[in-house]
Every structure is written in structure tokens, then in C-alpha cells.
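Colleague: Quick one: structure below, then a few questions.
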Amino acid sequence: MPSLFASYLRVYEPLTAFDRDRQSYWRRYVEQGRAVAPVEGPVRQRTSVLEALGAGWTRLPDLPDEAYVLETDETLLVCPWNLRIRVAEAALNARDGVPPVLADAFVPPVLAGQAKAAVEDWRSGARVLEHGVPRVHEQTATWGVPLRWFVLFDPEERNHVTHPGLRALCYRTEISKARRRSSRALSVLRKSIGDAPITEAVEEAARWLEEFHPRSMVELDYGGLVELLSDETLAADDSPELVATGLAGLSQGEAEEASAAYDRLVARWRAVQLLERCN
């Protein structure tokens, strides 16, 4: 199956963020060598979901508990996939704002009903005793990277690989740093442009980060997008720096500097988004 042209924002939490049963499960999971590498995960997720849904999409399937794992000198960090709840949310989003006839064709009412019940159960906290605080550890964006994600990272935190058979670009930081950066960005945006869409988007990202353990790690993975970019483009990527430059310009009242950085960033990622229409 070909690469998915998507990017991913993930949070890896230490085992202490989970209840005892989950801690034991994830320890065994790692010891058994079952952890999935991020480069393989998206395709594996898609395959698992499609196979579990079956023909007709008439039920919300139970899906295996899988995760990405980071092992450091100090601790083990886990990013669970939470596939069942993510499938449920995707099913409901696919029906949102679509005429009933089309909605039922894409997501049958039976599946939609099960998805709604699963999401409501999750959000109400009914599963807290079983799985700990309900939270989704991975966000996905197709054909680009949301600009608000770059706010969370520093250019020095990038990891760029272009070995034969493996091309990857990701940024990774401590969640405490990501929270401080999102808080500063939110303050600048509120003072300079008010309640604009970008302000709301950064605020949403900041709220999401608050759901996780304070010793977590945050990762931005370009995923399959690297297949759309040349080695030279990946090596020269400075998207987090452009965001930082734009925010600095806004905070100092340098509107032209901020606008120039924003325009460069938007033009870069619009070129990637337009590739979706080339098929």
C-alpha cells in the first residue's frame, strides 16, 4: 500500500500517566517487540481499520491496542493509537453538514449510531476507570501541516533523515516547552489580531496539550509528505522558524515582517496542498 500523504502531531506519555492495568499492558507490549515504528504505522492503521470495518461498514469494530513507543534513558513513553474512538469521530465528521442521502451512503446509520454512542461514552468519562483520563494522542492532517503545529517547536528540535530507503522529517520537544510556546503565541495573537481563525486554532492546540502528563513528549512527523518533497526542500525546511519570525514581528509591531514570513509559509504549504488535485 502506498504512503499516505499526511502529517501527524503526537504526544508520547510516560507509563505513570496510565492506570496500573495499562502500564502492565504497555510494558508487555514493548517487551514482546510489538511496538510499531512511525514510518510503518499510518499504513498499518489504515489496513487494520479497513479490514475490521468489513463490507458494508455496518458496525464500529473493536480494534487492537497498538502504539508508538519512545525509549529514553529515564523512562518509556507511549503514544496509543486509540483507533476505535478515532474511527468513530471520523465517521461522525464525514456525515457533518452532508445531505442525509449522501451521509447514509458514506456512513450507514447503524455505524453512525454506534459511533455517536462511543464518542459520547468517551467524552463523558464513562471509560475513565478502565483506561484512565480519555484523550486522543495523535492528530492527523492530509496534504500539508497545519500552521498552528509549527508554533510548538523550535528549529533546533528537528530530526532529518534521508538514507536510502528511509526519508523522514520530524520535530520533537518536551511538552512543557510546547505549552510555553503555545501560550506565548496565543498572547501575541490575541493582542495583535484578536479572535481570528489562527488565534482560535492555536488556542485549540494549547487546550489539547493540557490533557497530557507534564513529562510527555510532543512530536510533529511529516509522515508521507516527505515523498512529495525533494531532499533539498527537506534539508532547507524552516517552517517553525518562519512561524517564530512572524510572531516576533507581530509582538514588535513589525507588520510587514510578520506578513512576509506568513506569506512564505502559506505559499510553501499551498504548493503541497495543490498536489492533491493533480491526480
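Taken together, the values in this text are just the output of simple stated rules run on the coordinates, not laboratory data. The structure displayed is predicted, hence computed values, not measured ones. When we count neighbours, we look across all protein chains shown, and the Cβ atoms used for this are built from the backbone with ideal geometry, even at glycine.
Colleague: Just tell me the longest site-free run in the chain, where the sites are GluC sites (Glu not before Pro) in a DSSP loop having at most 13 other beta-carbon atoms within 10 Å. Present the calculation step by step, with values, prior to reporting the outcome.
Modeller: Numbers: sites that count: Glu40, Glu74, Glu210.
The answer is 75-209.
Colleague: For the range 122-276, what does the alpha-carbon gyration tensor say about shape, rounded, prolate or oblate, given a ≥ b ≥ c as the root eigenvalues, a/c under 1.5 as rounded, and a/b over b/c as prolate? Intermediate values should be presented prior to the final figure.
Modeller: Values: a/c = 1.84, a/b = 1.13, b/c = 1.63.
Verdict is oblate for the range 122-276.
Colleague: Quick one: if you stick a label point 7 Å off each Cα along the C-beta vector at Ala235 and Glu71, how many nm between them?
Modeller: Distance between the two pseudo-spin positions: 3.3 nm.
Colleague: Helix-only estimate, please: 222 nm mean residue ellipticity of the chain, summing -39500 (n - 2.57) across DSSP H runs of length 4 or more and dividing by its residues, to the nearest 500.
Modeller: Calculated from helices alone, the mean residue ellipticity at 222 nm is -15000 deg cm²/dmol.
Colleague: Something else: Through the Karplus equation 6.51 cos²θ - 1.76 cosθ + 1.60, θ set to phi - 60°, convert the phi angles of the range 138-144 into ³J(HN,Hα) values in whole Hz; use x for Gly and Pro.
Modeller: Going residue by residue, I get 9, 10, 10, 9, 9, 6, x Hz, with x marking Gly and Pro.
Colleague: Give the residue list of trypsin sites (Lys or Arg not before Pro) in the range 19-80 that are DSSP loop and have at most 15 other beta-carbon atoms within 10 angstrom. Each step should come with its number before you reach the end.
Modeller: Values: sites: Arg20, Arg22, Arg27, Arg28, Arg34, Arg44, Arg46, Arg59; in loops: Arg34, Arg59.
For trypsin sites (Lys or Arg not before Pro) across the range 19-80 that sit outside H, G, I, E and B with at most 15 neighbouring Cβ atoms in 10 Å, the list reads Arg34, Arg59.
Colleague: Further question on the same structure: In nm, to one decimal, how far is the Arg190 label point from the Ala90 one, both placed 7 Å along Cα→Cβ?
Modeller: Reported label-point gap for Arg190 and Ala90 is 3.5 nm.
Colleague: Return the long-range amide H neighbours of Trp143 (sequence gap of 5 or more, or a different chain), with a cut-off of under 5 Å between placed amide H atoms.
Modeller: Those qualifying (amide H under 5 Å, at least 5 residues apart or on another chain) are Ala6, Ser7.
Colleague: Using +1 on the beta carbon of Lys and Arg, -1 on that of Asp and Glu, and nothing else charged, what's the dipole of the range 9-139 about the Cα centre, debye to 20?
Modeller: Result for the range 9-139 is approximately 280 debye, rounded to the nearest 20.
Colleague: Quick one: Kirkwood hydrodynamic radius for the range 9-139, alpha-carbon pairs, angstrom, one decimal?
Modeller: The Cα-based Kirkwood calculation yields 16.0 Å.
Colleague: Over all directions, how big on average is the projection of the convex hull of the alpha-carbon atoms in the chain, in square nanometres?
Modeller: Working: hull surface 66.6 nm².
For the chain, averaging the hull's shadow over all directions gives 16.6 nm².
Colleague: Take the chain, connect every pair of alpha-carbon atoms lying under 10 Å apart with a spring to form a Gaussian network, then pick out the residue of Leu111, Leu234, Leu102 with the largest mean-square fluctuation.
Modeller: Among Leu111, Leu234, Leu102, the largest mean-square fluctuation in the Gaussian network model of the chain belongs to Leu102.
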